[in-house]
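Peer 1: Below: one structure in structure tokens.
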């Protein structure tokens with residue numbers, strides 16, 4: 001309710017309360033000067049185009065960053081899956097390895113990037129010896 005409405009209400013109730021508008025003039029004038037900003041009700045009825053635009057821009061920025069992060073996660077996942085498939089494929093080509101051995105070796109090798117690189121760079125006879133050693137140590 002605006003100050004003018006409060007004053008009219010106080011003027012109507014003056015006889016019953018023994019307080020008149022004249023008694024409140026000092027407080028009203030002080031209230032009037034301090035309430036130069038619009039009230040909460042007045043603010044809610046005004047359009048917030050600038051704020052809405054900022055909110056939309058912020059929302060779009062968040063959505064773009066989220067999409068970029070998801071793209072990066074999917075790319076990393078795909079790269080990791082390809083690497084895992086290559087390691088398993090390389091291990092399957094080695095002789096005398098059971099499925100369980102391939103599983104154990106792939107877990108051991110995939111935990112260390114240097115072991116992955118070593119797997120693809122060793123000669124076949126060295127790979128076989130290295131796989132035997134890894135199986136004994138794990």
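Peer 1: If packing is taken as the mean number of other Cβ atoms within 10 Å per residue, what is the order of 67-77, 114-124, highest first?
Peer 2: Result, highest mean first: 114-124, 67-77.
Peer 1: Is the stretch 81-138 best put as rounded, prolate or oblate by its Cα gyration tensor, with a ≥ b ≥ c the root eigenvalues, rounded for a/c under 1.5, and otherwise prolate when a/b is larger than b/c, oblate when not? Don't skip to the end; give the middle numbers.
Peer 2: On the way: a/c = 1.24, a/b = 1.14, b/c = 1.09.
Rounded is the answer for the stretch 81-138, as its axis ratio a/c remains below 1.5.
Peer 1: A further question on this structure: For the peptides 126-136, 55-65, what is the packing order when you average, over each peptide's residues, the other Cβ atoms within 10 Å and list the highest mean first?
Peer 2: Top to bottom by mean Cβ count within 10 Å: 126-136, 55-65.
Peer 1: Additional query: Stretch residue 122-residue 70 to full length: gain in nm at 0.36 nm per residue minus the Cα-Cα span?
Peer 2: 15.2 nm
Coordinate-derived values only; no laboratory data. The structure displayed is predicted, hence computed values, not measured ones. Cβ: placed from backbone, ideal geometry, glycine included. Neighbour counts: every protein chain shown.
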